[in-house]
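Trainee: Would you mind keeping the following structure in view while I ask a few things?
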Amino acid sequence: MAKNMMGVGRVTVLPLLHMWPDRYMVIAYTTTGGFGDTAVIGYVPVPGVPETALMDVAARHQPTRLYGSTGGTGFAEACWLICVGWSGRSIPKPGTLELHDAAWSLDLDGSVELSKTMYGHDRLHVGRLTLADPQLAHQAGEVMPAKARADAPEPVAAD
């Protein structure tokens, strides 16, 4: 059974080019715990865009070349994902959506306890992040670059 966690707070939503040259997804970064010691990064569901496991995306980017492999299972991938979210918040690109008091829920795919503090975080939770407010959820989907939306296959209607 999938675990679910919820929270309310600052959420940064940004597009992620995860497979060159044209495969995008939308991710959201937020924090929880005392002083934000836990990073939460989720892919935001966008109609017509396949859901993709974030740890797999991170692994394809060879994070051990930057973070090494001595931090335990998933350490380098977690650090890479945290860096993407933290950087997206610190230096937002045009089109990044910054929500200051948003309710969210995460269908948890996994968690990683970091062997040392990275980007101010001691652990990471990843999964599918949904914003509780339908209007904000719609705005989050609009973060997807227009070209990527145009190239996405049309959803198949249920009969």
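Trainee: With +1 assigned to the C-beta of every Lys and Arg and -1 to the C-beta of every Asp and Glu, and no other charges, what is the dipole magnitude of the chain about the Cα centre in debye, to the nearest 20?
Mentor: Around 480 debye, computed over the chain.
Trainee: If each DSSP helix of 4+ residues adds -39,500 (n - 2.57) and the sum is divided by the residues in the chain, what number results at 222 nm, nearest 500 deg cm²/dmol?
Mentor: Computed mean residue ellipticity for the chain: -7000 deg cm²/dmol.
Trainee: Something else now. Per the 1.4 Å probe, what fraction of the accessible area of the chain, in percent, lies on carbon and sulfur atoms?
Mentor: The C+S portion of the solvent-accessible surface of the chain is 56 percent.
Trainee: Let me ask something else. If you build a Gaussian network model of the chain, linking Cα atoms that sit under 10 Å apart, which residue out of A140, A39, A58 swings the most?
Mentor: A58
Trainee: Right, something else. Picking from A146, A103, A78, which is most flexible by a Gaussian network model of the chain using Cα springs under 10 Å?
Mentor: A146
Trainee: Rg (Å, one decimal) plus Dmax (Å, integer) for the alpha carbons of region 1-86?
Mentor: 13.6, 39
Trainee: Just to confirm, what accessible area per residue do you get for region 1-125 at 1.4 Å probe, in whole Å²?
Mentor: 53
Trainee: Give me, ordered by chain and number, the residues 5 or more places off G110 or on other chains with an amide H under 5 Å from its own placed amide H.
Mentor: V126
Trainee: Starting from the amide H of I27, placed 1.01 Å from N in the peptide plane, find each other amide H under 5 Å away whose residue is 5 or more places distant or on another chain.
Mentor: L14, L16, V44
Trainee: Given q = 0.18, 0.19 Å⁻¹, what are the Debye log10 I(q)/I(0) values for the chain, with equal point scatterers placed on the Cα positions and solvent ignored?
Mentor: -1.11, -1.24
The values are calculated or read from the model by the stated rules, or taken from the named source; none is laboratory data. All values derive from a computational prediction rather than experimental measurement. Positions of Cβ are generated from backbone atoms using ideal geometry, with glycine treated the same way; all protein chains shown enter the neighbour counts. Heavy atoms of the whole protein, side chains included, go into the accessibility calculation; ligands, DNA and RNA do not. Shrake-Rupley method; radii C 1.70, N 1.55, O 1.52, S 1.80 Å.
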